[in-house]
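Here is the structure we will look at.
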Amino acid sequence: MIASPLETFLVKPAALRVQSVLYGNSFASVERAVLSLGRAAELAFASGMVSCVELAYGDSSPTTCLTEAQLTHLRGLYPSGLTIQYDFFNGNLGSAGGHNRLAAAADADFILMQNPDVVVSPRLIETLLGAFAVPGVGMSEAKQLPIEHPKDYDPVTGETAWATTACAMIPLKLFRQLGGFDANTFFLYCDDVDFSWLVRLAGYKVIFQAAAVVFHDKRLSTEGRWQPTNSERYYSAEAALLLAHKWSRFDIVEKILSDFASHGDEFTSKATATFEQRRRDGTLPTPVDPDHKVGQFINGFYASHRYTL
Amino acid sequence: MSTLQKGAAYDNGFAPDNVYGHALELLQRHRVRAEGALHVDVGCGFGRIAEPLVAALGLTYVGCDLDAVGLNSLAGRGFETHRLELADEESIYQALRAIVAGRPVASITIIDTLEHLDDPAATMRALRRIAAEHCAFVLISVPNTTHRDLGFRLLFGQWDYTETGILDHTHRVLFSDTVLRQMLAHSGLHVVAANDVEMTISDQAFPADHPAFQAGTNLHALLGALRNQGDAFGRTNQLVRLCTPGPVEAVQPYVERVDEPRLFLSIVMRTQGKRSDTLAEVMTCLAGQSVADFEVLIVGHKLDVPHQIAVERIIEDLPVWLRDKTRLVRVDLGNRTRLLNVGFAAARGRYIVILDDDDTVFGHWVETFAALSTTAPGQILRTVSAVQTIRRVEYNYAVSLRAESGLETPYPSQFDWFEHLRVNYSPGMTLAFPRGLFHHLNLSFDESLTTTEDWDYLLQTAGLVGVASAPDITAIYRRWVGAESSATVHSVEEWEHNFTSVQAKIDNSALILWPVGTTRRLRIMLDNIGVPERRVAEFEARMEALRQVNNIYLSSTWRLTAPVRLIGRLLGRQPPNPAVAWSLSTQELHDLASALRSSTSWRLGAAMRRIARPR
């Protein structure tokens, strides 16, 4: 049955599947994450919000990230509160492809997508689920610390332009209804922006839950600046072009290409080449939202930002 | 030597301010008085306390010693005396039982005797057994070898016995407050009161002309201030303690050294329980630390029941590994500075850091401190904090925080002692203090300060141990918008008062060891004092000289006399060139002005200037 924005997705207790895509993560960081997630699951059980919590790992690493012994250790941390699945992809599916593959095997009411090194606060699951008590909410997003994402949100309702899947919850029914992430277009970045906009295009709200807190181990340079990795620089440049194309902002595509040509670096040059190749090959995504009801491109961002990082 | 023989050198008279007077005052204070009961003075020597004691307490004085000279003196004054050798516990006990002979005993003194024995604990145990049988007090006095004068001498390699005094050449055991307490605990004697003899200048303050002993020297002030941080016995000449017999503690008469392994970092977090949302946030940041070698002391201030429950719930919610590292310590008295002292006192870590319940930290916060500690052991460890403004939001029945600004970086990457003398550039969570500052140097937070207490503590300690800096940004100091914080709770006047108090304290402190390089920096600063003023004066003098030269060149008489200079040039003379005036020094300009005024042109123009001058 197709869901309707007039309904609420919340069911109590809900079956929850948490999924993360691994790529070369350290065992220590994964263990830290599981220790906190398991406690959040215990509390969510105790409050009657969830009936079961399953943690599914998809491993995109060249070789397995976790050994059998490590998996056994992780499963032993919360033997009755958290079941752990592990799927070695034997190939790098990226973020979108990895989550799609994991979600395909899911049997739950909600899926909580998060980075494998994210450390959740104890009441995270309850707080994210709580957002769905309001009819029409299709996605709820956690607040990341210590660096809070600068995108704006309504301080009264929590409504926001898009949700980052560093930690976000989606009803599985809606996820499938919308076809999951666009893995054909997006590899590492903007798959969540694109999906959020699809949620909104379908008439649902994306809610930023400031009280749902996760710790995401991001660091600043000694000058206080954001430090993107090389892959972040390349894939975010590529995704910017693809997102603008998909959301029918061809003017933005041309502007980005122009900016890359005049002020770019090796990463933007490579992104430009990839985009042009896809254009020649006819493999660019089919444009949506021709009337620009949802997609937002503001000063290089996909929402208005409260401040600059 | 197991026996004690005292000679005439020990015939010290009774005085209210010496050890006899202090001992008697203690006995009087505790109403040691029982008609017909004995007072047994072990190691009595000449027993100069006997007469005042009998007069004050009405007891029967019995003097016991090995030395016949003292006993003869006492006997000659009409007191009962017995020869007593202080050897092993059992023989002492039996000998004393024989001396007492069934009579009631009210009190026992052993003054300036134990330190002469090979095994003073054996004597203590015997005294305890006798005292226990009679419910008697035992008064003990020993010299204090932690008097600061011995420390001053030892620091400079001087250690000398004297005929009598703190380091009497016949002493076998050297006592301090802790040595005495340990031995008493081992012997089953429990201190009920103390009346130590204080003496600022002891018999060990020699040579008197040593700079360490001369009261006017900086060295004396520094050493004295350092000793004061150790314990309260730096000026104590003799430890005088009144004890009662009680249970024997299962401890040796000496300290058994145990270097227990300590966790790395104790995190002291003050809270009023009013910000459970921010407390939950910072605890989540701690759950994400890459190095988990820490404990968390949440110091709750005047928590009412709902707020206490709120804090306890946050702790209970934590994953087990973090919950086990977290303790709630409740404090119902004092101001917010008191919480730091309580938290630091309870801390078990090698380093202690303050983390407010509304701050956040990055994943390498503890890790960066830990790395610094290996490169600069014992120093204060400093990282850097960014600043971000926040405000409270509430929706979907949940209260939380919303960042309102980007991350500012107003604090310098490296610690600068001089700059910190003017203002604090190091928020609390960027400083990890080595535990020894609080636990061994007894440097605590000044509870008279209601704000800036962390700055004050940094100034009081940084000079002693130094500060090791890492430029990494490891925390975010969150500045509130539209909500209560220490910046709003305390008035401007209160902040200013505390600010000036901190500066006054550091200005008067003798406990500052200036970092290497200080003299050079001071010299440069002194050299630069007055430089701007001198440069302005030089500039003004030059401008005045230029103005004078310019006035001459621009004067109408100078222009009217141009033909004279033309003739001069035709005759081969070289009059000054006005165009080069700007390149001349001040002195050269003065010389030029003089030359111009004495020139033929200017002298010819003088008549014209007189004519033109209004009358």
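Just so it is clear, none of the values below were taken in a lab; they were calculated from the coordinates. Only a predicted model underlies this, so the values are computations on that prediction, with no experimental measurement involved. Glycine also receives a Cβ, built like all others from the backbone with ideal geometry; neighbour counts cover every protein chain displayed.
Which net charge results for the neighbourhood of B:Q204, defined as the other residues with beta-carbon distances under 10 angstrom from its beta-carbon, given Lys and Arg at +1 and Asp and Glu at -1?
-1
Between B:S491 and B:A504, what is the label-to-label distance in nm when each label sits 7 Å out along the Cα-to-Cβ direction?
1.7
Take B:L333, project a point 7 Å from its Cα along the Cβ direction, then tell me which residues of segment B:288-308 have their backbone nitrogen under 14 Å from it.
Residues B:302 fall inside that zone.
Per-residue mean of other chain beta-carbon atoms within 10 angstrom of the beta-carbon, peptide B:402-411?
Working: counts 8, 11, 3, 4, 7, 11, 1, 6, 1, 1.
Average per residue, whole number: 5.
Report Rg (one decimal) and Dmax (nearest whole number) for segment A:1-74, counting Cα atoms only, units Å.
Rg then Dmax for segment A:1-74, in Å: 15.7, 47.
Using only Cα atoms, locate the centre of segment B:273-311 and the centre of segment B:312-386, then give the distance between them in Å, rounded to an integer.
First find each Cα centre; the distance between them is then 10 Å.
I'd like the mean, over residues of A:151-161, of how many other protein chain beta carbons sit within 10 Å of each residue's own Cβ. Walk me through the numbers before you get to the answer.
Values: counts 0, 1, 3, 2, 6, 4, 2, 5, 1, 0, 0.
Per residue, the average neighbour count from other chains is 2.
Roughly speaking, what is the stretch gain from B:D527 to B:A15, that is 0.36 nm per residue apart minus the C-alpha to C-alpha distance, in nm to one decimal?
Details: separation 512, 0.36 × 512 = 184.32 nm, distance 5.92 nm.
So the extension gain works out to 178.4 nm.
What's the ranking of A:200-212, B:532-544 by average number of surrounding C-beta atoms within 10 Å, highest first?
Numbers: A:200-212: 23.2, B:532-544: 11.3.
In descending order of packing, they fall as A:200-212, B:532-544.
Can you tell me the order of A:240-246, A:61-67, B:468-474, B:309-315 when each peptide is scored by its average per-residue count of other Cβ atoms within 10 angstrom, highest first? Intermediate results must be reported in sequence, preceding the final value.
Details: A:240-246: 24.3, A:61-67: 14.6, B:468-474: 21.1, B:309-315: 17.7.
Final packing ranking: A:240-246, B:468-474, B:309-315, A:61-67.
Quickly rank B:201-209, A:173-181, B:293-301 as a protection proxy: mean count of other C-beta atoms within 10 Å, highest first.
On the way: B:201-209: 15.0, A:173-181: 18.0, B:293-301: 21.8.
Top of the packing list down: B:293-301, A:173-181, B:201-209.
Please quote Rg/Rh for segment B:394-480 to two decimal places, taking the Kirkwood radius as Rh and restricting both calculations to Cα atoms.
1.06
Over all directions, what mean area does the Cα convex hull of segment A:104-163 project, stated in square nanometres? Provide the component values of the computation, followed by the final result.
On the way: hull surface 21.8 nm².
Mean shadow area of the hull around the Cα atoms is 5.4 nm².
Among A:S140, A:S269, which comes first, second and so on when ranked by fewest other beta-carbon atoms within 10 Å? Write out the running numbers ahead of the final one.
Details: A:S140 30, A:S269 14.
With the sparsest Cβ surroundings first, the list reads A:S269, A:S140.
Hey, how many Å between the Cα centroid of segment B:418-486 and the Cα centroid of segment A:221-264?
Centre-to-centre (Cα) distance: 42 Å.
What does DSSP give for chain B in terms of the percent of beta bridges that are antiparallel, rounded to the nearest 5?
Details: 27 of 74 bridges.
About 35 percent, rounded to the nearest 5.
Over all directions, average the projected area of the Cα convex hull of segment A:179-284 and note it in nm². Write out the running numbers ahead of the final one.
Numbers: hull surface 35.8 nm².
For segment A:179-284, averaging the hull's shadow over all directions gives 8.9 nm².
Hey, if you drop one equal point scatterer on each alpha-carbon of segment B:160-264 and run the Debye formula without solvent, what base-10 log of I(q)/I(0) do you get at q = 0.16 Å⁻¹?
For the requested q values the scattering log ratios are -0.94.
Could you grab the relative contact order for chain B? Cα pairs under 8 Å, six or more apart, rounded to a whole percent. Walk me through the numbers on the way to the answer.
Values: 1048 pairs, mean separation 57.6, N = 615.
After rounding, I find 9 percent.
Can you run the Rg to Rh ratio on segment A:1-126? Use alpha carbon positions and the Kirkwood inverse-distance Rh. Numbers along the way, then the final one.
Numbers: Rg = 14.6 Å, Rh = 15.0 Å.
Using Cα coordinates only, the ratio equals 0.98.
Given the C-alpha centroids of segment B:86-154 and segment A:18-81, what is the distance between them in whole angstrom?
Cα centroid of segment B:86-154 versus Cα centroid of segment A:18-81: 66 Å apart.
At q = 0.13, 0.14, 0.16 Å⁻¹, what log₁₀ I(q)/I(0) does chain A have when each alpha carbon counts as one equal point scatterer in the Debye sum?
So the normalised log intensities are -0.95, -1.11, -1.44.
In percent, what relative contact order does segment A:223-303 have, based on Cα pairs under 8 Å that are 6 or more apart in sequence?
Across segment A:223-303, relative contact order equals 36 percent.
So if R0 is 60 Å, what FRET efficiency would B:E25 and A:N90 give, r being the distance between their Cβ atoms, rounded to the nearest 0.05?
Numbers: r = 88 Å, r/R0 = 1.47.
E(calc), rounded to 0.05, equals 0.10.
Compute, for segment B:29-87, the length of the dipole vector about the Cα centre, with Cβ point charges of +1 (Lys, Arg) and -1 (Asp, Glu) only. Units Debye, rounded to 20. All intermediate terms of the calculation are to be shown ahead of the outcome.
Working: 6 positive and 7 negative charges, 57 e Å.
For segment B:29-87, the charge dipole is close to 280 debye.
Which three extents, in angstrom, do the Cα atoms of chain B have along their principal axes, listed largest first?
Sorted largest first, the three principal extents are 135, 77, 47 Å.
Mean residue ellipticity at 222 nm from the helices of chain A, using -39,500 (n - 2.57) per DSSP H segment of n ≥ 4 over the full residue count, to the nearest 500 deg cm²/dmol? Mind dumping the intermediate values first?
Details: 9 runs with 112 residues, N = 309.
Rounded to the nearest 500, it is -11500 deg cm²/dmol.
What residues from segment A:23-44 fall in the zone where the backbone N is under 11 Å from a label point 7 Å along the Cα-to-C-beta line of A:T229?
What the label zone holds, given the 11 Å backbone N cut-off, is A:23-26.
Suppose the Debye formula is applied to equal point scatterers at every Cα of the protein assembly as shown; what is log10 I(q)/I(0) at q = 0.10 Å⁻¹?
-1.10
So which of A:K218/B:K325; A:K151/A:K270; A:K12/A:K143; A:K173/A:K255; A:K12/A:K246 end up more than 29 Å apart, counting from Cα to Cα?
Working: A:K218/B:K325 24 Å; A:K151/A:K270 27 Å; A:K12/A:K143 23 Å; A:K173/A:K255 37 Å; A:K12/A:K246 37 Å.
The pairs that break the limit, which is 29 Å between Cα atoms, are A:K173/A:K255; A:K12/A:K246.
Which helices of chain B meet both criteria: a Cα extent of 30 Å or more along the helical axis and a mean Kyte-Doolittle score no lower than -1.0, with helices taken as whole DSSP H segments?
Details: long enough: B:531-554 (34 Å, -0.44).
Correct list, ordered by number: B:531-554.
If you count, for every residue in B:288-297, the Cβ atoms of partner chains within 10 Å of its Cβ, what is the mean?
Details: counts 14, 4, 5, 1, 3, 0, 0, 0, 0, 0.
For peptide B:288-297, the averaged partner shielding equals 3.
Let me know the whole percent of all Cα-Cα pairs from segment A:222-309 that are separated by more than 23 Å. Don't skip to the end; give the middle numbers.
On the way: 1008 of 3828 pairs.
The calculated P(r) of segment A:222-309 puts 26 percent of pairs beyond 23 Å.
Could you give the angle, 0 to 90 degrees to the nearest 10, between helix A:266-281's Cα long axis and the longest principal axis of the Cα atoms of chain A?
80
Could you grab the relative contact order for segment B:433-591? Cα pairs under 8 Å, six or more apart, rounded to a whole percent. Walk me through the intermediate numbers first.
Details: 63 pairs, mean separation 32.4, N = 159.
Relative CO of segment B:433-591 lands at 20 percent.
Per DSSP H run of n ≥ 4, the term is -39500 (n - 2.57); total these for chain B, divide by its residue number, and report the mean residue ellipticity at 222 nm rounded to 500 deg cm²/dmol. It would help to have the intermediate numbers written out before the result.
Working: 24 runs with 257 residues, N = 615.
Helix-only estimate at 222 nm: -12500 deg cm²/dmol.
Contour minus end-to-end for B:V399 and B:T200, with contour as 0.36 nm per residue of separation and end-to-end as the Cα-Cα distance? All intermediate terms of the calculation are to be shown ahead of the outcome.
On the way: separation 199, 0.36 × 199 = 71.64 nm, distance 6.02 nm.
Result for the pair: 65.6 nm of gain on full extension.
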